[in-house]
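Engineer: I'd like to ask some things about the structure below.
The values are calculated or read from the model by the stated rules, or taken from the named source; none is laboratory data. Values in this document were obtained by computation on a predicted structure and should not be read as measured data. Note that each Cβ is placed from the backbone with ideal geometry, even for glycine, and that neighbours are counted across all protein chains shown.
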Amino acid sequence: MYQEIILDHYRNPHGRGLRDPFEAEVHHVNPTCGDEVTLRVHLDGDRLADVSYEGMGCSISQASVSAMRDLVVGRTVPEALETGEHFMTLMQSRGDPSVAEKLEDELEDAVAFAGVSKYPARIKCALMSWMALKDASARALSVTDPTTPTGGHQ
Amino acid sequence: MTQTVSRPAVGARTPLPLDVEAIRADFPILSRTVRDGKRLVYLDSGATSQKPRSVLDAERDFYETCNAAPHRGAHQLAEEATARYEAARATIAAFIGAQPAEVVFTRNSTEAINLVAYALSNAATAKEPAFRRYAVGQGDEIVVTEMEHHANLVPWQQLCERTGATLRWLGLTDDGRLDLSDLSTVVNERTKLVAVTQQSNILGTINPLDQIVARAHEVGALVLVDGAQSVPHQPVDVTALDADFLVFSGHKMLGPTGVGVLWGRYEVLDALPPFLTGGSMIEVVRMEGSTFMPPPQRFEAGVPMTAQVIGLAAAVEYLQRLGMEKVQAHEEALTGYALAKLAEIPGVTVIGPPDTVARGGAVSFTVEGIHPHDVGQVLDDLGVEVRVGHHCAWPVVRRYGVPATTRATFYVHTGYDDVDALADAVRKAQEFFGVVPSSEGVG
């Protein structure tokens, strides 16, 4: 399950730290085990100009947010959410290698999380950051005054 | 309780009080393997215990020979089912030195605590004056501790929100004990109830309940003891305890899931209004209103979990055959050995009392540089099944400044080989994640 790519993202997370400006900030937790992520999105139109984050938790949860950021920054929100759907498919693959193979181009480093799908208890750890992104993007798009941050949501 | 006078040298493998090999043969699940043929090293009895064959047989036998709804119907099966159900109540009551009429069956400890919490708020609006004696309202205080499982914290928070009462709590010391320095101010004339665990599910601490009970009774407060982690692991006698309520769960003491116990002092139970209402708990029902049975029936609405109660009685009999003093001494030996083995590993820190004095067999620890989930994952791949996370005691892990811990818990089938497997697996996790501190043990 612990691919070297995952451990790399865990030890050296990409784009970590909370940055301004942002249109929405969310805080998601995994209540069964206490993994946490605070995530901000900054939109340029409907494009994700930046995704910044802080978090604590296991290697899977923290590496997942790092790999996700690489994938989604620069894409439009609908494109990013579609990628999230692919990641969800990977998490539901129960370790079926053919699913990972098909999604390899789309998911880049995130395809390394395929092994997590064999461990139902850990899937939530990997999905937490994607849930936070979906939530934050929806909030950012609905903010009428783009300078007003939202947040505090679980 | 009585056999803890001479303590073995730390880390020594003194002969264990229980015959682990013989006991393992009684647990069918222990013969299976996990994760590609590895021996199952089950160190999560604190979450739920495994079941010996005699418990499984007792449940099956009930369904095969006399299944019927107890306390209703006049046919032979109903008579037999009622007799078996009430005999089980007597067995379980005797196990904690109680009268059968003081033993109420619930789904688990959580439901037993909620039963008391709701009875106390229902008391304020009870039609019968006799049921208002323990009513909780504005100006009253409920006391808990920072060590409680969520099951013995959240229901009291909710009771306070419903009634306007105030929640207060006793804090913790750095070495995992209750801080009783402000006991006499936290528990005061306004206190209506003190809810406290006998044995911490995360720290392993055994609390000095006599002091707390004495202070609570001095100011006329009730005491509820959470015995979910004590009744399975040490002798508990309600007369010696002198509390007003004791709760515990069947599934943590070799019994089935779906059955727990609320023990209450009879005169207190008798003055409480019901929590759940419906069939079995009524005396007379008219369209305009109803009256209720005396305890324990008043608190057992609906057809009960008969087979599970009978299974729990079989679990009690199994524990009685082993002897609870021996069970406690067995776990104490394992705990001392585990604390010593973990202390040998650099980077491992035990959260909780560092020795076996007034301590049960829940051993929580952190491994420097590795999140507990990742520790648990590596352990699981080696067949070592532990609990990781906040163990339903989030304020405790927050108090000790860690996001979560890895917890090993022991029971009657645990041997030194299981503890060795744990220590070896922790070292393997350190190797895997490349965090082998060069310093001496931190714990």
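Engineer: Name the residues in the stretch B:233-270 that are in contact with a Phe, Trp or Tyr (Cβ under 7 Å, 6 or more places away or on another chain) and part of a loop (DSSP other than H, G, I, E, B), would you?
Structural biologist: B:LEU254, B:VAL259
Engineer: Okay, moving on. So, in the stretch A:41-71, how many residues would count as being surrounded by fewer than 24 Cβ atoms within 10 Å (Cβ to Cβ), touching a Leu at 6+ places or on another chain (Cβ under 6 Å) and in contact (Cβ under 8 Å) with a residue 60 or more places away in the chain?
Structural biologist: Here the count works out to 0.
Engineer: Among the residues of the stretch B:392-412, write down those that are surrounded by fewer than 24 Cβ atoms within 10 Å (Cβ to Cβ) and touching a residue at least 40 places away in the same chain (Cβ under 8 Å). Talk me through it step by step, then tell me what you get.
Structural biologist: First pass over the stretch B:392-412, keeping only residues surrounded by fewer than 24 Cβ atoms within 10 Å (Cβ to Cβ): B:392, B:394-395, B:397-403.
Within the stretch B:392-412, B:CYS392, B:TRP394, B:PRO395, B:VAL397, B:ARG399, B:TYR400, B:VAL402 qualify.
Engineer: Looking only at residues that are assigned to a loop (DSSP other than H, G, I, E, B), within 14 Å of B:VAL426 (Cα to Cα) and out of contact with any Phe, Trp or Tyr (no Cβ under 8 Å at 6 or more places or on another chain) in the stretch B:342-376, which one is farthest from the other protein chains (Cβ to nearest Cβ)?
Structural biologist: Of all residues in the stretch B:342-376, those assigned to a loop (DSSP other than H, G, I, E, B) come to B:344-347, B:352-358, B:360-361, B:368-369, B:371.
Checking which are within 14 Å of B:VAL426 (Cα to Cα) leaves us with B:344-347, B:368-369, B:371.
Still in the list and also out of contact with any Phe, Trp or Tyr (no Cβ under 8 Å at 6 or more places or on another chain): B:344-347, B:368, B:371.
Working: B:GLU344: 25, B:ILE345: 20, B:PRO346: 20, B:GLY347: 16, B:GLU368: 14, B:HIS371: 4 Å.
Selected residue: B:GLU344.
Engineer: Further question on the same structure: Listed residues B:GLY361, B:GLY352, B:GLY289, B:GLY302; which is at positive phi, touching a Leu at 6+ places or on another chain (Cβ under 7 Å) and either among the small types (Gly, Ala, Ser) or surrounded by fewer than 22 Cβ atoms within 10 Å (Cβ to Cβ) (or both)?
Structural biologist: Details: B:GLY361 fails: at positive phi; B:GLY289 fails: touching a Leu at 6+ places or on another chain (Cβ under 7 Å); B:GLY302 fails: touching a Leu at 6+ places or on another chain (Cβ under 7 Å).
That would be B:GLY352, the only listed residue that is at positive phi, touching a Leu at 6+ places or on another chain (Cβ under 7 Å) and either among the small types (Gly, Ala, Ser) or surrounded by fewer than 22 Cβ atoms within 10 Å (Cβ to Cβ) (or both).
Engineer: Hey, any hits in the stretch B:28-51 for a residue that's at pLDDT 95 or above, surrounded by 20 or more Cβ atoms within 10 Å (Cβ to Cβ) and part of a helix (DSSP H, G or I)?
Structural biologist: No: the stretch B:28-51 contains no residue that is at pLDDT 95 or above, surrounded by 20 or more Cβ atoms within 10 Å (Cβ to Cβ) and part of a helix (DSSP H, G or I).
Engineer: Take B:GLU431 and decide whether it is within 14 Å of chain A (Cβ to nearest Cβ), surrounded by fewer than 24 Cβ atoms within 10 Å (Cβ to Cβ), of a type outside the set (Lys, Arg) and under 22 Å from B:ARG24 (Cβ atoms). Spell out how you get there, then give the answer.
Structural biologist: Details: within 14 Å of chain A (Cβ to nearest Cβ): yes; surrounded by fewer than 24 Cβ atoms within 10 Å (Cβ to Cβ): yes; of a type outside the set (Lys, Arg): yes; under 22 Å from B:ARG24 (Cβ atoms): no.
When the stated conditions are applied, B:GLU431 does not pass them.
The rows are residues; the columns are (1) basic (Lys, Arg); (2) over 22 Å from B:MET293 (Cα atoms); (3) surrounded by 16 or more Cβ atoms within 10 Å (Cβ to Cβ).
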{"site": "B:CYS66", "(1), (2), (3)": "no, yes, yes"}
{"site": "B:ALA78", "(1), (2), (3)": "no, no, yes"}
{"site": "B:ARG84", "(1), (2), (3)": "yes, no, yes"}
{"site": "B:ALA88", "(1), (2), (3)": "no, no, yes"}
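Engineer: Which residue, of B:ILE212, B:ILE206, B:ILE202, is in contact with a His (Cβ under 8 Å, 6 or more places away or on another chain) and in the same structural domain as B:ALA94 (by TED's automatic domain parsing)?
Structural biologist: Details: B:ILE212 fails: in contact with a His (Cβ under 8 Å, 6 or more places away or on another chain); B:ILE206 fails: in contact with a His (Cβ under 8 Å, 6 or more places away or on another chain).
It is B:ILE202.
Engineer: Have a look at B:LEU379, B:LEU339 and point out the one that is within 30 Å of B:GLU21 (Cβ to Cβ) and within 14 Å of another protein chain (Cβ to nearest Cβ).
Structural biologist: Values: B:LEU339 fails: within 14 Å of another protein chain (Cβ to nearest Cβ).
The match here is B:LEU379.
Engineer: Let me ask something else about it. Name the residues in the stretch B:271-286 that are free of Cβ contacts under 8 Å to residues at least 60 places away in the same chain, part of a loop (DSSP other than H, G, I, E, B) and surrounded by fewer than 17 Cβ atoms within 10 Å (Cβ to Cβ), would you? Steps first, answer last, please.
Structural biologist: Narrowing the stretch B:271-286 to residues free of Cβ contacts under 8 Å to residues at least 60 places away in the same chain: B:277-278, B:281-286.
Within this subset, residues satisfying the condition of being part of a loop (DSSP other than H, G, I, E, B) are B:277-278, B:281.
Of everything in the stretch B:271-286, those that are free of Cβ contacts under 8 Å to residues at least 60 places away in the same chain, part of a loop (DSSP other than H, G, I, E, B) and surrounded by fewer than 17 Cβ atoms within 10 Å (Cβ to Cβ) turn out to be B:THR277, B:GLY278.
Engineer: Mind checking whether some residue in the stretch B:260-273 is touching a His at 6+ places or on another chain (Cβ under 9 Å), in the same structural domain as B:ASP424 (by TED's automatic domain parsing) and not hydrophobic (A, V, I, L, M, F, W, C)? So that I can check it myself, show each step before the final result.
Structural biologist: To start, the set of residues in the stretch B:260-273 that are touching a His at 6+ places or on another chain (Cβ under 9 Å) comprises B:260.
Filter once more, keeping what is in the same structural domain as B:ASP424 (by TED's automatic domain parsing): none.
No; the residues of the stretch B:260-273 include none that is touching a His at 6+ places or on another chain (Cβ under 9 Å), in the same structural domain as B:ASP424 (by TED's automatic domain parsing) and not hydrophobic (A, V, I, L, M, F, W, C).
Engineer: Across the stretch B:299-341, which residue is farthest from B:ALA93 (Cα to Cα) among those that are of a type in the set (Val, Ile, Thr) and either not assigned by TED's automatic domain parsing to the domain that holds B:ALA88 or not in a helix (DSSP H, G or I) (or both)?
Structural biologist: Step one: list which residues in the stretch B:299-341 are of a type in the set (Val, Ile, Thr), which gives B:303, B:306, B:309-310, B:316, B:327, B:335.
Restricting the remaining residues to those that are either not assigned by TED's automatic domain parsing to the domain that holds B:ALA88 or not in a helix (DSSP H, G or I) (or both) gives B:303, B:327, B:335.
Values: B:VAL303: 20, B:VAL327: 19, B:THR335: 29 Å.
Filtering the stretch B:299-341 for residues that are of a type in the set (Val, Ile, Thr) and either not assigned by TED's automatic domain parsing to the domain that holds B:ALA88 or not in a helix (DSSP H, G or I) (or both), the one farthest from B:ALA93 (Cα to Cα) comes out as B:THR335.
Engineer: If we scan the stretch B:405-428, do we find a residue that is closer than 23 Å to A:ASN30 by Cβ, touching a Cys at 6+ places or on another chain (Cβ under 8 Å) and either part of a helix (DSSP H, G or I) or within 14 Å of chain A (Cβ to nearest Cβ) (or both)?
Structural biologist: no
Engineer: Next up: Residues in the stretch B:95-125 that are without any contact (Cβ under 8 Å) to a residue 60 or more places away in the chain and loosely packed, with under 15 Cβ neighbours inside 10 Å: how many?
Structural biologist: Of the residues in the stretch B:95-125, 1 are without any contact (Cβ under 8 Å) to a residue 60 or more places away in the chain and loosely packed, with under 15 Cβ neighbours inside 10 Å.
Engineer: Taking the stretch B:325-347, which residues are farther than 19 Å from B:PHE365 by Cβ and touching a helix residue (DSSP H, G or I) at 6+ places or on another chain (Cβ under 7 Å)? Full working, then the answer.
Structural biologist: Within the stretch B:325-347, the first condition is being farther than 19 Å from B:PHE365 by Cβ, and the residues that meet it are B:325-330.
Once the filter is applied, which keeps residues that are farther than 19 Å from B:PHE365 by Cβ and touching a helix residue (DSSP H, G or I) at 6+ places or on another chain (Cβ under 7 Å), the stretch B:325-347 yields only B:VAL327.
Engineer: One residue is enough: does the stretch B:230-248 have a residue meeting the conditions surrounded by 20 or more Cβ atoms within 10 Å (Cβ to Cβ) and over 30 Å from B:ALA408 (Cα atoms)? Spell out the reasoning first.
Structural biologist: Start the filter on the stretch B:230-248 by keeping residues that are surrounded by 20 or more Cβ atoms within 10 Å (Cβ to Cβ), which leaves B:230-234, B:236, B:238, B:241, B:243-248.
Subsequent filtering for residues that are over 30 Å from B:ALA408 (Cα atoms) retains B:244.
Checked against the condition, which is being surrounded by 20 or more Cβ atoms within 10 Å (Cβ to Cβ) and over 30 Å from B:ALA408 (Cα atoms), the stretch B:230-248 yields at least one hit.
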